[in-house]
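Engineer: Got a structure for you, questions after.
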Amino acid sequence: DQQVKQNSPSLSVQEGRISILNCDYTNSMFDYFLWYKKYPAEGPTFLISISSIKDKNEDGRFTVFLNKSAKHLSLHIVPSQPGDSAVYFCAASSGRRQTSYDKVIFGPGTSLSVIP
Amino acid sequence: GAVVSQHPSWVICKSGTSVKIECRSLDFQATTMFWYRQFPKQSLMLMATSNEGSKATYEQGVEKDKFLINHASLTLSTLTVTSAHPEDSSFYICSARSAHQPQHFGDGTRLSIL
């Protein structure tokens with residue numbers, strides 16, 4: 001049973017426009033969410049995170065929105081750039097206590113292509 | 001710069017041999033390290049969680065005798081794939097974290113068993 005879902009395996013966006021990547025989760029115990037970016041043959045790179053006590057977190061061109069009642073989060077990238085083309089993984093954990101033992105559950109990823 | 005180093009990045013070996021993969025945190029003490037496996041076009045699947053000085057916790061379906069994990073220090077964890085077979089061919093990725101920090105990932109190891 002997939003606890004973290006990314007229903008769009010791929011997304012194409014024109015350079016300069018907004019990219020919106022969606023993620024849904026089923027486990028109500030999750031309270032810490034992360035987005036990772038991954039290029040081929042490399043490990044994922046941490047992008048941005050959000051705690052369940054917030055509904056929005058912004059870092060430069062990247063903004064993550066969290067809707068707890070809908071168990072949904074989204075990553076907005078604006079403006080999109082060709083270098084943003086990568087696979088984006090949504091991840092979640094029950095990290096309220098922020099212990100070192102917390103597992104992170106990853107979604108299947110969405111491949112973003114930003115067209116110049 | 002990279003905060004987690006994984007070595008080797010690519011290895012090809014014959015069926016039946018054992019392969020060791022190292023994961024090092026470069027500028028922080030990692031109380032916990034994680035090992036993942038990724039099949040083509042699929043997500044990262046957690047194999048095991050490794051805490052320094054204690055036995056690793058394996059996920060359901062992962063053979064602990066097949067995938068030996070040692071977390072000898074706060075900066076080093078190793079994964080040994082014992083008696084590797086072609087079905088073990090995959091992309092293995094480690095990550096490391098300290099308390100209150102997100103996981104930082106290595107660049108992965110492409111393992112090909114002939």
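The values are calculated or read from the model by the stated rules, or taken from the named source; none is laboratory data. Quick caveat: nothing in here was measured; it's all calculated off a predicted structure. Reconstructed Cβ throughout: ideal geometry from the backbone, glycine too, with neighbour counts over all protein chains shown.
Engineer: How about the stretch B:64-74: which of its residues are outside any strand (DSSP E or B) and either buried (at least 18 other Cβ atoms within 10 Å of the Cβ) or out of contact with any Ser or Thr (no Cβ under 9 Å at 6 or more places or on another chain) (or both)?
Structural biologist: Passing the criteria: only B:LYS64.
Engineer: For the stretch A:2-32, give me each residue that is touching a helix residue (DSSP H, G or I) at 6+ places or on another chain (Cβ under 8 Å) and not in a loop (DSSP other than H, G, I, E, B).
Structural biologist: Of everything in the stretch A:2-32, just one residue is touching a helix residue (DSSP H, G or I) at 6+ places or on another chain (Cβ under 8 Å) and not in a loop (DSSP other than H, G, I, E, B), namely A:SER19.
Engineer: Of the conditions (1) more than 25 Å from B:SER98 (Cβ to Cβ); (2) within 13 Å of chain B (Cβ to nearest Cβ); (3) free of Cβ contacts under 8 Å to residues at least 60 places away in the same chain; (4) not in a loop (DSSP other than H, G, I, E, B), A:SER74 satisfies every one except a single condition; which number is it?
Structural biologist: (2)
Engineer: Still on this structure: Given the condition more than 11 Å from chain B (Cβ to nearest Cβ) and at pLDDT 95 or above, answer yes or no: does some residue in the stretch A:101-112 qualify?
Structural biologist: Scanning the stretch A:101-112, I find at least one residue that is more than 11 Å from chain B (Cβ to nearest Cβ) and at pLDDT 95 or above, so the answer is yes.
Quick grid of which residues meet (1) within 12 Å of chain A (Cβ to nearest Cβ); (2) among the small types (Gly, Ala, Ser); (3) within 16 Å of A:THR45 (Cα to Cα):
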site: B:SER18; (1), (2), (3): no, yes, no
site: B:PHE34; (1), (2), (3): yes, no, yes
site: B:SER43; (1), (2), (3): yes, yes, yes
site: B:ILE69; (1), (2), (3): no, no, no
site: B:THR75; (1), (2), (3): no, no, no
site: B:SER90; (1), (2), (3): no, yes, no
site: B:PRO102; (1), (2), (3): yes, no, yes
site: B:PHE105; (1), (2), (3): yes, no, yes
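Engineer: Output the residues belonging to the stretch B:75-100 that are part of a loop (DSSP other than H, G, I, E, B), in contact with a Ser or Thr (Cβ under 7 Å, 6 or more places away or on another chain) and not hydrophobic (A, V, I, L, M, F, W, C).
Structural biologist: Across the stretch B:75-100, the qualifying residues are B:THR75, B:THR82, B:SER83, B:HIS85, B:SER89, B:SER98.
Engineer: Looking at A:TRP35 and the list (1) within 14 Å of chain B (Cβ to nearest Cβ); (2) buried (at least 18 other Cβ atoms within 10 Å of the Cβ); (3) in a loop (DSSP other than H, G, I, E, B), which single condition is not satisfied?
Structural biologist: Unmet condition: (3).
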